[in-house]
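Have a look at the structure below, then the notes.
The values are calculated or read from the model by the stated rules, or taken from the named source; none is laboratory data. A quick note: this is a predicted structure, and the numbers were derived from the prediction, not measured. Positions of Cβ are backbone-derived with ideal geometry, glycine not excepted, and every protein chain shown enters the neighbour counts.
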Amino acid sequence: MEKIFTGEDSMEAHFVRNLLEAQGIRAQVLGEILGAARGELPLTEETRPGVWVNSEDVERAMVVVDEFARRDRDDEKPDDLSESETWTCSGCGEVVEEQFSACWKCQKPRNEQGESETTGD
(Lines give C-alpha, C1' and ligand atoms only; values in the text may rest on other atoms or scores of the structure.)
Protein backbone atom coordinates (compact mmCIF):
# COMPACT_ATOMS: atom_id res chain seq x y z
CA MET A 1 0.00 0.00 0.00
CA GLU A 2 1.08 3.57 -0.63
CA LYS A 3 0.17 6.80 1.11
CA ILE A 4 -1.32 9.24 -1.40
CA PHE A 5 -2.84 11.95 0.79
CA THR A 6 -2.35 13.47 4.23
CA GLY A 7 -5.42 15.12 5.70
CA GLU A 8 -5.49 18.17 7.92
CA ASP A 9 -7.75 16.11 10.18
CA SER A 10 -9.61 12.82 10.26
CA MET A 11 -12.70 14.27 8.59
CA GLU A 12 -10.74 15.48 5.54
CA ALA A 13 -8.95 12.15 5.22
CA HIS A 14 -12.26 10.24 5.31
CA PHE A 15 -13.75 12.64 2.77
CA VAL A 16 -10.92 11.88 0.33
CA ARG A 17 -11.27 8.15 1.05
CA ASN A 18 -14.97 8.40 0.17
CA LEU A 19 -14.13 10.24 -3.09
CA LEU A 20 -11.75 7.44 -4.01
CA GLU A 21 -14.20 4.68 -3.14
CA ALA A 22 -16.87 6.41 -5.23
CA GLN A 23 -14.47 5.89 -8.17
CA GLY A 24 -14.05 2.21 -7.33
CA ILE A 25 -10.66 2.63 -5.66
CA ARG A 26 -10.26 0.83 -2.33
CA ALA A 27 -8.70 3.14 0.25
CA GLN A 28 -7.92 3.18 3.95
CA VAL A 29 -7.41 5.99 6.45
CA LEU A 30 -4.49 5.25 8.76
CA GLY A 31 -3.00 7.26 11.60
CA GLU A 32 -6.18 8.87 12.85
CA ILE A 33 -5.72 7.34 16.31
CA LEU A 34 -2.78 9.74 16.75
CA GLY A 35 -5.36 12.51 17.02
CA ALA A 36 -5.89 11.52 20.64
CA ALA A 37 -2.22 12.27 21.37
CA ARG A 38 -2.15 15.47 19.31
CA GLY A 39 -1.58 17.64 22.36
CA GLU A 40 1.69 15.86 23.03
CA LEU A 41 2.85 15.25 19.45
CA PRO A 42 3.84 17.92 16.95
CA LEU A 43 1.51 18.33 13.95
CA THR A 44 3.48 16.80 11.06
CA GLU A 45 2.91 14.65 7.99
CA GLU A 46 3.56 11.62 10.20
CA THR A 47 1.03 12.53 12.91
CA ARG A 48 -1.87 13.55 10.66
CA PRO A 49 -4.21 10.92 9.19
CA GLY A 50 -3.21 9.57 5.79
CA VAL A 51 -5.13 7.93 2.96
CA TRP A 52 -3.54 4.78 1.60
CA VAL A 53 -4.34 2.78 -1.54
CA ASN A 54 -3.00 -0.37 -3.18
CA SER A 55 0.10 0.23 -5.29
CA GLU A 56 -1.68 -0.64 -8.53
CA ASP A 57 -4.30 2.08 -7.84
CA VAL A 58 -1.91 4.96 -7.11
CA GLU A 59 -2.05 6.54 -10.57
CA ARG A 60 -5.87 6.55 -10.73
CA ALA A 61 -6.12 7.69 -7.11
CA MET A 62 -3.78 10.63 -7.67
CA VAL A 63 -6.12 11.96 -10.38
CA VAL A 64 -8.93 12.05 -7.79
CA VAL A 65 -6.70 13.61 -5.11
CA ASP A 66 -5.36 16.24 -7.52
CA GLU A 67 -8.91 17.20 -8.53
CA PHE A 68 -9.90 17.48 -4.85
CA ALA A 69 -6.88 19.69 -4.12
CA ARG A 70 -7.60 21.90 -7.15
CA ARG A 71 -11.23 22.41 -6.14
CA ASP A 72 -10.21 23.08 -2.55
CA ARG A 73 -7.79 25.81 -3.71
CA ASP A 74 -10.41 27.31 -6.05
CA ASP A 75 -12.93 27.49 -3.20
CA GLU A 76 -10.63 29.54 -0.98
CA LYS A 77 -11.70 33.16 -0.78
CA PRO A 78 -9.20 35.98 -0.63
CA ASP A 79 -9.02 38.13 2.50
CA ASP A 80 -9.90 41.29 0.59
CA LEU A 81 -13.20 42.34 -1.00
CA SER A 82 -12.01 41.84 -4.58
CA GLU A 83 -14.48 39.04 -5.36
CA SER A 84 -17.58 40.74 -4.01
CA GLU A 85 -19.34 43.82 -5.26
CA THR A 86 -18.63 46.91 -3.21
CA TRP A 87 -19.50 50.58 -3.08
CA THR A 88 -17.50 53.57 -1.91
CA CYS A 89 -19.02 55.89 0.67
CA SER A 90 -19.08 59.54 -0.49
CA GLY A 91 -18.91 60.69 3.13
CA CYS A 92 -15.67 59.07 4.25
CA GLY A 93 -14.37 57.12 1.24
CA GLU A 94 -14.67 53.74 2.96
CA VAL A 95 -15.16 50.68 0.71
CA VAL A 96 -18.34 48.90 1.88
CA GLU A 97 -19.70 45.49 0.88
CA GLU A 98 -22.72 45.42 -1.41
CA GLN A 99 -25.23 44.05 1.10
CA PHE A 100 -24.96 47.08 3.40
CA SER A 101 -27.29 50.04 2.87
CA ALA A 102 -25.22 52.41 5.03
CA CYS A 103 -21.53 52.93 5.60
CA TRP A 104 -20.28 50.97 8.60
CA LYS A 105 -17.76 53.67 9.44
CA CYS A 106 -19.77 56.93 9.24
CA GLN A 107 -23.35 55.56 8.93
CA LYS A 108 -24.05 57.62 5.79
CA PRO A 109 -26.80 55.92 3.74
CA ARG A 110 -25.87 54.35 0.41
CA ASN A 111 -26.62 56.12 -2.90
CA GLU A 112 -26.65 59.55 -1.31
CA GLN A 113 -24.85 61.97 -3.62
CA GLY A 114 -23.97 59.17 -6.07
CA GLU A 115 -21.62 56.76 -4.29
CA SER A 116 -19.45 55.05 -6.84
CA GLU A 117 -20.20 51.38 -7.47
CA THR A 118 -17.22 49.10 -7.94
CA THR A 119 -17.28 45.49 -8.93
CA GLY A 120 -14.56 43.02 -8.02
CA ASP A 121 -13.21 40.39 -10.42
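For the range 1-24, residues that are in contact with a strand residue (DSSP E or B) (Cβ under 6 Å, 6 or more places away or on another chain) and either outside any helix (DSSP H, G or I) or touching a residue at least 40 places away in the same chain (Cβ under 8 Å) (or both) total 7. Whenever a residue of the range 97-121 is over 14 Å from residue 85 (Cα atoms), its partners that are charged (D, E, K, R) and at pLDDT 50 or above, lying with C-beta atoms within less than 8 angstrom and at least six residues away or across chains, give the pairs 102/108; 102/110; 103/94; 103/110; 104/94; 105/94; 106/94.
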